1. What accessible area per residue comes out for the chain, rounded to a whole number of Å², with a 1.4 Å probe?
2. Using a 1.4 angstrom probe on the protein heavy atoms only, line up SER103, SER28 by accessible area, largest first.
3. Report the full-extension gain for the segment SER103 to ARG19: residue separation times 0.36 nm, less the Cα-Cα distance, to one decimal in nm.
4. Roughly speaking, to the nearest percent, how much of the chain's 1.4 Å accessible area is carbon and sulfur?
5. Would you please name the trypsin sites (Lys or Arg not before Pro) within segment 48-126 that are DSSP coil residues with at most 16 other C-beta atoms within 10 Å of their C-beta?
6. Stretched out fully, how many nm does the piece from ASP3 to LYS30 gain, at 0.36 nm a residue minus the Cα gap?
7. Mean residue ellipticity at 222 nm from the helices of the chain, using -39,500 (n - 2.57) per DSSP H segment of n ≥ 4 over the full residue count, to the nearest 500 deg cm²/dmol?
8. Once you have the Cα-Cα distance between ILE113 and GLU72, take 0.36 nm times their residue separation minus that, and quote the gain in nm to one decimal.
Amino acid sequence: MLDHKEWIYKLGQFQELVRYAYMDAENSYKVIDKHEKSQKYQLSLGYLNLSFASYLELKRIYNDYEDIQHYEYEPFFKAYDHYIFQLKKVITEKDENTSWLYSAHEDLKEKWIYVNEFMNNTITKS
């Protein structure tokens, strides 16, 4: 069990990793529409790798520290996993129809806004 100071530090670290995971996922989406065919997939994969590295670390922290675990984070994790699945599908199949990816991206964005607000409120109230 973490003391209050350690808990605030870990939650802040967790929040930063959620932000990094989301922002790099966001960039992996943006480059799909902004670059030439072959280059856009390489750039998107680069951002995907950065995002996934942050995601793995935040999941490690989440699983290692029960004090941080909360059901409010689960929708973000599910939305992230779904987004990554859709992005990999677009990249692998070089699919020009990105409507499924768009929907997954919008869902991830919505869940990130919610979870970020939840973490800000949690830190502010403690």
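1. 61
2. Ranked from most to least accessible, the order is SER103, SER28.
3. 28.3 nm
4. 52
5. LYS94
6. 5.7 nm
7. Helix-only estimate at 222 nm: -30000 deg cm²/dmol.
8. 13.6 nm
The values are calculated or read from the model by the stated rules, or taken from the named source; none is laboratory data. This is a predicted model, so every value here is computed, not measured. Cβ coordinates were reconstructed from backbone atoms using ideal geometry, including for glycine residues, and neighbour counts include every protein chain displayed. Ligands, DNA and RNA are stripped out before the accessible areas are found, and what is left, the full protein with its side chains, is counted by its heavy atoms. Shrake-Rupley method; radii C 1.70, N 1.55, O 1.52, S 1.80 Å.
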